[in-house]
Amino acid sequence: MKYLLSLIAALLVSCGGPVYESPNALEALPLIPKPRSVVSELGGFGYASGVAVIAEDPLLDDLKAWVPEGDAEGAASGPIVLALGYPHASAEAYRLTITRSEVRIQGTSPAGVFRGLQTLRQILAASTPDPTTRVRVLPLGVIEDAPILSYRGTMLDVARHFFTVAEVKQYIDQIAQYKINALHLHLSDDQGWRIEIKAYPRLTEIGAATEVGGGPGGYYTQEDFLELQDYAAQRFIQIIPEIDMPGHTNAAIVAYPELNGNGKAVSPYTGTAVGFSTFDARNEAVYTFIDQVVQEISALSTSPYFHLGGDESHVTSKEDYVFFVERVGEIIRTHQKTPIGWDEVAQTDLGPGSVAQFWSSEKNALAAADKKMKVLMSPAKKAYLDMQYDSLSPYGLHWAGYISVQDAYNWDPLSYVPGLDADQILGIEAPLWSETISDSSGLEYLAFPRLIGLAELGWTPQSLRSWEDFNRRLTEVSYPGKQAE
Ligand code: ACM
């Protein structure tokens, strides 16, 4: 027996260093979104600073930089290994295995490995330091994980108030932690036009110089857009550009009055009303303009989608609206993009495979499915991040109701619209309109923690979700804007 013990001790020493034990089980850690399957094993993995990182495939070399740092010097139990070849239908699936001798993240693709790295970061943050060495000790086990929806997004309205490149990058960093993979930028509205179009310079000289409340506005140069897109792509997030039309177009019309279709004199607008502006659907110059705008943005954009808006066109006649949306849909397809529009576009023949973003009308969502369009789930009553939490919220509106953290979490995107087939659902998106916010602190207040719950709705099967369990995990983690306890 004595011999056996010394043999084991010698083996442990030859395996390189101390043996760690985790007091927590992997299954009990507050991971968000909740993974599909977590199996705990007894033991621990010492995660010291300077832990070795190995990429088994050159495609993963860039991802080595994302492996989180341990926060105490000491002996690590082994390397962090990044690998491909996890067999699963989703490109974002991964298996994370923690043994006494390595942490292995195996993805179906680099995107899967990146999602797994977010889980590793959360495990590390929730782990307990070894009482003597202070080296963090990860619990052992295996996580197998994949999203239920392939599109899990948020929208930022940079038109009502402009957000700088640095502010958008900060938001991208934040959403990446919850495995969100789409950022829709609402780049134009009545109050401002926010992207440089080389052939129409007055859009930014004049159209970008306003915002809600009379502030200075701003815009992204084409280089800025590419910089944001690249920053997001490094986090496996696509940016979907939106030019909202035929309504919500006052800023463009102020810059180029020949686009106007409502017959009234135009002036810059810095209020928060909607539904008063429209492009002229029967003027060819309007389509020449739109073709150029779509062409310039599509040449920059790597997203397969182009969002044409199409909401709240209250001063466009129904005939003109249908004619306009179908014509713009054709322009978008000419530039090799798939059109997305707010749910009103389901009243047109935008074409099979195009996307209706359900925000208001279940009838429109069902009509879209009938027309073989895909539906993106953004019901205002649940998913609008700009709604106040309650009547005391310092930011936000409440026309769709107050939305508590629990309300934002307690619904199922796959069954929310009765009669809508889950196969028709492209994904979930949480829009953040910016009438009442103009900087990162307002943004964080409204987005977090509700967006974290919405991220889980798009990732985790309904059978594994419960408000009580989510709320417990939420209280145990830190997130943007959370008050220190
Ligand atoms: C919207 O909220 N007008 C899409």
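Any read-out appearing in this document is the output of simple, stated calculations on the displayed coordinates, not a laboratory observation. Please read these numbers as outputs of a predicted model, since none were measured by experiment. Note that we place each Cβ from the backbone using ideal geometry, even for glycine, and neighbour counts take in every protein chain shown.
Before moving on, here are some points about what is shown:
- Theoretical FRET efficiency, 1/(1+(r/R0)^6), r = Cβ-Cβ of A273 and Y402, R0 35 Å, to 0.05: 0.95
- 5 angstrom amide H check on Q357, placed H, neighbours 5+ away: G341, W342, D343, L376
- Amide H within-cut-off set for R160, under 5 Å, with H built and near neighbours excluded: S434
- DSSP beta bridges in region 38-111 [antiparallel fraction, %, rounded to 5]: 40 percent
- If you take the Cα centroid of region 417-433 and the Cα centroid of region 325-354, the two points sit 17 Å apart.
- Label positions at T334 and E258, each projected 7 Å from the Cα along the C-beta direction, are separated by 1.7 nm.
- Kirkwood hydrodynamic radius over Cα pairs of the chain, then Stokes diffusion coefficient at 37 °C and 0.692 mPa s, in µm²/s: 137 µm²/s
- Here's how it looks for R36: its modeled amide H is under 5 Å from those of A146, which are all 5 or more places away or on a different chain.
- Most tightly packed first, judged by the mean number of other beta-carbon atoms within 10 Å of their residues, the peptides 364-373, 249-258 read 249-258, 364-373.
- In this rough spin-label picture, where each label sits 7 Å from Cα along the Cβ direction, the D57-L300 distance is 3.2 nm.
- The phi torsions of region 60-66, fed into the Karplus equation with coefficients 6.51, -1.76 and 1.60 and a -60° offset, translate into couplings of 9, 4, 5, 7, 4, 5, 8 Hz, rounded to whole numbers, with Gly and Pro shown as x.
- Estimated inter-spin distance, T164 and E27, nm [label 7 Å along Cα→Cβ]: 4.8 nm
- Mean Cβ count within 10 Å, highest first, over the residues of peptides 176-189, 332-345: 176-189, 332-345
- You can think of it this way: the chain between Q462 and Q234 has 79.2 nm of extra reach, that is 0.36 nm per residue less the Cα-Cα gap.
- 222 nm mean residue ellipticity, helices alone, for the chain (DSSP H n ≥ 4; -39,500 (n - 2.57); rounded to 500): -9000 deg cm²/dmol
- Net +/- balance of residues flanking G43 in space, Cβ distance below 12 Å, scoring K and R +1, D and E -1: -1
- Measuring nothing but how far apart in sequence close Cα pairs (under 8 Å, 6+ apart) lie, relative to its length, the chain scores a relative contact order of 13 percent.
- For the residue pairs K337/K371; K179/K381; K169/K372; K264/K374; K34/K482, the C-alpha atoms sit more than 28 angstrom apart in K169/K372; K264/K374.
- Efficiency of FRET from Cβ geometry, L42 and A65, R₀ 30 Å, rounded to 0.05: 0.40
- Alpha carbon centroid spacing (whole Å) that separates region 17-88 from region 366-408: 36 Å
- Rounded to the nearest whole Hz, the Karplus-based 3J(HN,Hα) values (6.51 cos²θ - 1.76 cosθ + 1.60, θ = phi - 60°) of region 365-377 follow the sequence 4, 5, 5, 4, 4, 4, 8, 6, 8, 8, 10, 9, 8, with x at glycine and proline.
- The alpha carbons of region 260-319 occupy a box of 36, 28, 24 Å along the principal axes, longest dimension given first.
- Using a Förster distance of 25 Å, the FRET efficiency for V315-S391 (Cβ separation, nearest 0.05): 0.20
- Euclidean distance between Cα centres, region 124-199 to region 200-242, Å: 18 Å
- Here is the list for region 382-472: chymotrypsin sites (Phe, Trp or Tyr not before Pro) lying in DSSP coil, each with at most 13 other C-beta atoms within 10 angstrom of its C-beta, are W399.
- Whole-Hz couplings from phi, Karplus 6.51/-1.76/1.60, listed for region 235-252; x for Gly and Pro: 9, 6, 10, 8, 9, 9, x, 10, 10, 7, 7, x, x, 6, 10, 4, 5, 5
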